[in-house]
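What follows is a single structure, written as structure tokens, with notes after it.
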Amino acid sequence: MNHAERASAVCRRIAGARDLLPLAAAQPDRYPALLESAAPGSSARWDILFAFPEDRLVLGQDGAVRDAPGHDRGARFLDALDAAWRAGCGGQDDTDLPFIGGWLLYLGYELAHEVEPSLVLPTAHATHMPVALALRCPAAILVDRIDGCTWLVAERGREALLDAMQRDLENAAPDFDAPLPAVRVCREDDPYRFLEGVARVHEYLRAGDTFQVNLSRAWHAQFDGAPAPAALYAALRRANPAPFAGLLQQPD
């Protein structure tokens, strides 16, 4: 184990690559999001567990932007985020690490209207999901799968978080094995709809109306009880490991 002080962060290297999902599952308030390289490969190097969120910006379905105490920020989400980022800028990043403190973002497709108001977007389904979310995280745990080590990172002035994260790692279970409740019903979109969508995408591409489309199929499941988010993520990780996967846990 060793320490390294950077321009805007303090880093601690620990030998060995750790599975960060047990810690994310055990303490979602302290560790709200995990970005993970769940499949092997040269492009799947880093896992990042974001830690100790301090502030948040949420763009709700009602169009209001609110911070962590629930105050209306009275601005567009991207403007509020830009102002918050400028107010909290640290020093320059002179590390090879992918995160040394900053903002974690979840951006829904509906946020595109804030970037390009002329877009005519379909009506969003009724949901509790925010349109956009930003979490201010001054620390993180990073796993380097290529070098086989784990990094603890905290912004300057928050060095005590390194010890807290190391204690949490040492006390966390070595693996996560929470079974899912029994599945009552599992439904998927009609495969024909997806194939029809592929044909339409080809038409748009040939016409020059678009250059990229993310097309997906929805799955809907009903369980005997509400599954824990980390348990559902673990099941997906086992069944379909992906080079880029993520788990975001928030209240409601």
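The values are calculated or read from the model by the stated rules, or taken from the named source; none is laboratory data. All of these numbers come straight from a predicted model, not from anything done at the bench. Glycine also receives a Cβ, built like all others from the backbone with ideal geometry; neighbour counts cover every protein chain displayed. Note: accessible area is taken over every heavy atom of the protein model, side chains too, but ligands, DNA and RNA are not part of it. Shrake-Rupley method; radii C 1.70, N 1.55, O 1.52, S 1.80 Å.
Below, the figures for the structure above:
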item	result
Using a Förster distance of 30 Å, the FRET efficiency for Arg45-Ala207 (Cβ separation, nearest 0.05)	0.20
Extension gain (nm, one decimal) between His125 and Gln222, 0.36 nm per residue minus Cα-Cα	33.1 nm
The chain: relative contact order in percent, alpha carbon pairs under 8 Å with at least 6 residues between	28
Length-normalised contact order of region 136-197 in % [C-alpha pairs under 8 Å, at least 6 apart]	19
Part-to-part distance (alpha-carbon centres) for region 29-47 and region 95-146, which is given in Å	16
Efficiency of FRET between Leu105 and Ala182 - r from beta-carbon atoms, R0 51 angstrom, step 0.05	0.90
Shape call, region 161-252: gyration tensor on alpha carbons, a/c limit 1.5	oblate
Between helix 191-207 and the chain: long-axis angle, C-alpha atoms, 0 to 90°, nearest 10	90
Apportionment of accessible area to carbon and sulfur, region 140-192, percent (1.4 Å)	48
Glu159/Glu196 FRET efficiency (R0 51 Å; Cβ-Cβ; nearest 0.05)	0.35
Region 22-146 - percent relative contact order, Cα under 8 Å, separation 6 or more	34
Cα gyration tensor shape for region 43-154, rounded if a/c is under 1.5, else prolate or oblate	prolate
Taking N as its residue count, the alpha carbon Rg of the chain over 2.2 N^0.38 Å	1.13
Between 0 and 90°, nearest 10: helix 160-171 axis offset from the chain longest Cα axis	80
Estimated [θ] at 222 nm from DSSP helical runs (n ≥ 4, -39500 (n - 2.57)) normalised by residues in the chain, nearest 500	-7000 deg cm²/dmol
Residue with peak Gaussian network fluctuation, the chain [Cα springs, cutoff 10 Å], from Arg193, Arg45, Arg237	Arg193
